[in-house]
1. Please go through the range B:63-93 and pick out each residue that is more than 16 Å from DNA strand E (Cβ to nearest atom) and acidic (Asp, Glu).
2. With (1) open to solvent by less than 30 Å² (accessible area, probe 1.4 Å); (2) part of a strand (DSSP E or B) as the list, and B:Pro171 as the residue in question, which single condition is left unmet?
3. Among the residues of the range A:116-164, which ones are among the hydrophobic types (A, V, I, L, M, F, W, C) and within 17 Å of A:Leu50 (Cβ to Cβ)?
4. Please determine, by comparing only the residues of the range B:130-167 that are hydrophobic (A, V, I, L, M, F, W, C) and more than 16 Å from DNA strand D (Cβ to nearest atom), which one is nearest to B:Phe299 (Cα to Cα).
5. Just give me the residues in the range A:67-125 being more than 25 Å from the chain's Cα centre (by Cα) and open to solvent by less than 30 Å² (accessible area, probe 1.4 Å), in sequence order.
6. Restricting to the range A:1-53, what's the tally of residues that are among the hydrophobic types (A, V, I, L, M, F, W, C) and within 14 Å of chain B (Cβ to nearest Cβ)?
7. B:Glu464 is checked against (1) in contact (Cβ under 8 Å) with a residue 24 or more places away in the chain; (2) more than 8 Å from chain A (Cβ to nearest Cβ); (3) in a loop (DSSP other than H, G, I, E, B) and fails just one. What number does that condition carry?
8. Do we find a residue being within 16 Å of A:Val117 (Cβ to Cβ), open to solvent by 50 Å² or more (accessible area, probe 1.4 Å) and within 21 Å of the chain's Cα centre (by Cα) anywhere in the range A:12-34?
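The values are calculated or read from the model by the stated rules, or taken from the named source; none is laboratory data. Since this is a predicted model, take the numbers as computed values, not measurements. All Cβ positions, even for glycine, are placed from backbone atoms using ideal geometry, and neighbour counts span all protein chains on display. These accessible areas exclude ligands, DNA and RNA; they are computed on the full protein's heavy atoms, side chains included. Shrake-Rupley method; radii C 1.70, N 1.55, O 1.52, S 1.80 Å.
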Amino acid sequence: MSKSQQVQQQSAFKQLYAELFNNGGDFGKVSNNLKKPLKCYVKESYPHFLVTDGYFFVTPYFTKEAVTEFHSKFPNVNIVDLHDKVIVINNWSLELRRVNSAEVFTSYANLEARLIVHSFKPNLQERLNPTRYPVNLYRDDEFKTTIQHFRHQALQQSLAKNLKQENIPDIAKVTGGDKKAKVDAGIVRASTSK
Amino acid sequence: MSSAAKNQRSTSRVTKKKTTGPKDAAPKKAEKGSKYEYVELTKAQLTSVTAQHFYAVVIDATFPYKTNQERYICSLKIVDPSLYLKKEKGTGDNSDYATLVLYAKRFEDLPIIHRLGDIIRIHRATIRLYNGQRQFNANIFYSSSWALFSTDKKSALQEIGGQEATSDLVPFSHSGKNFTFQKNEAGIVQNIRKWAQQYFTQYSVISNDMFTALNKAQAQKGDFDVVAKILQIHELDEYTNELKLKDASGQVFYTLALKLKFPHLRTGEVVRIRSATYDETSTQKKVLLLSHYSNIVTFISTSKLAKELRGKITDDRAVEKAALKQDVSLSAVVLTEVDKKHAGLPAHSLHDLFHNADSDKELSSKDTFRTQFYVTKIEPSDVKEWVKAYDRKTKKVTSLKGSAAKGGDNIFQVSFLVKDASTQLNNNTYRVLLYTHDGLGANFFNGVKADNLHKNADARKKLEEYSELLTRFNSYVDAVVERRNGFYFIKDTRIVY
DNA sequence: GACTAAGTGATA
DNA sequence: TGGGTATGTTGC
DNA sequence: GGGGTTATGGGG
């Protein structure tokens, strides 16, 4: 079987976030080559802070330390004033979180890979070249599919572990002719989940 | 800030005077009680300041979209018997048209065009020349209004039961609270409907200058339009369908289409996409990006273009065959085909089949369903035990393991633990059975018959491959199932890989 | 009495 | 139905 | 108007 992805992914966010899912959510397994500073455009700052890589927007999650450092190094800059500005995220990591996707639009299937920002600075003068209209990474076809793949793997592993005893309905049991037999016999509830 | 700060306008106004000479060609006096007089698109006076009324046929449309905090726009291309063909030499049968721009304060006040060839009636539009073209403007937020009449028997939404049925002289949708129809309009509607049907029969309507071939999509600078056949609709999740498209150039593309926005799309239909862009970030499959103003529309039944493309474009499954050679594929692969006799059978989600089947009246009255799912686990896990010896009299099955010859017939007795988009987020898996003791599903494995898998190594090997294929990520089964005794049995379904 | 110029004036 | 208000349009 | 919203952040 061949590995695909023959061409380079142009979106830094899509590559990074997909890497996290393809490594089981373990940031430590993500290639160090990818862990470089991120230069982003601040698309929105309120009520949601969103940054783009020229292709997609994602939510950066600033650590308390990052905010503290920012305020001390740039006392005259308010974070909500970074709208339409460029920022450089020098120190960051990714982590996987279970969230409610009905409420968090930067998530999919109750999963959110979060960009944790440990240190960042503004580039107030810098203007980035115009790019395509940035869209939500969590609405991207391939990225959604990547998350589905992650969930599929997790489900199969869970089933293999928790569904050892197989029990297949007897033919005698399914050939009655009972019109009133309920369909819930076919529901297999995850034996051990949570 | 004080509430009076906003420059609200005074209500009491100073009376002013103005002159209004007899305006040019104002609609003839409404002598015979006819309030509205309908003009042909080319007859509408460009110099007229007064509003015009007309009937026209829609050949393109954006989806209604928001432009700023207080405005929505829907932009259409329209034709009528006086304006539909480019006159210049060398333009072949390229379409000519006027544009119609509707403005409103609310999304709900604008028309949603799901199908080209339908009829729109406009009251009180102004006309002007914009980029050398006739442009009608209708301010729905003021006094203009619109009404949509279906050219086919049913509107696109009526076809899917998403809209109340109407007779042929009643609009399936209109702006405002009420709709009025003068007696003399019946003939107008019938005439333009007949004209629309002939026009779509005779011409492409969407001429070659109005869309881009998919094999040229990557080279496009900005957005472009598409005319393609829907080869497959894959339910990506609760909100989203993924369309598999192929056009006359032979190139396949995928695009995400929100279910709520485009509820009328069906596999096998030819559609036009108004505004798509090439997605440079998709490296595993070709993807088109849509915007909030993008639209996906079908064609009226008489469309020559749609008919030609439906016949010409076929699915060779080349994308899937390539995908299956990779360890992980981001292209969904539907492994099966169902018998043509079930083509009209409506599809139901696993949620319907397992959580609503006994409570919903409609569902409980039926026993045969079409459904799509993915297989998370197959039992028995030992493929050799998929086939058993079956004694029809005692209804007992026995393993074929061991050398002793077993009596009875060889049948498949396999249980699939499945899931789909409707059950994606819950912790359940659902049992769908491939039991061939009564003949149901006997052909599922594409010619691999139920034989003693402890002995027939060739059959066993093929079924082990199918086991792998079925439980692989992004493999899907499109099946017909029959409910018996509360269990669902696969039938008339066959793997095609 | 017919025609013209000027005055009048929104509407959901 | 009528008056008051908000809003679109037009004239100045 | 061949376009870029948002208490709608999976119609807009």
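1. Selection gives B:Asp80, B:Glu88, B:Asp93.
2. So B:Pro171 meets the others, but not (2).
3. Passing the criteria: A:Ile116, A:Val117, A:Phe120, A:Leu128, A:Val135, A:Leu137, A:Phe143.
4. B:Ala156
5. A:Phe70, A:Val77
6. Of the residues in the range A:1-53, 7 are among the hydrophobic types (A, V, I, L, M, F, W, C) and within 14 Å of chain B (Cβ to nearest Cβ).
7. Failed condition: (3).
8. no
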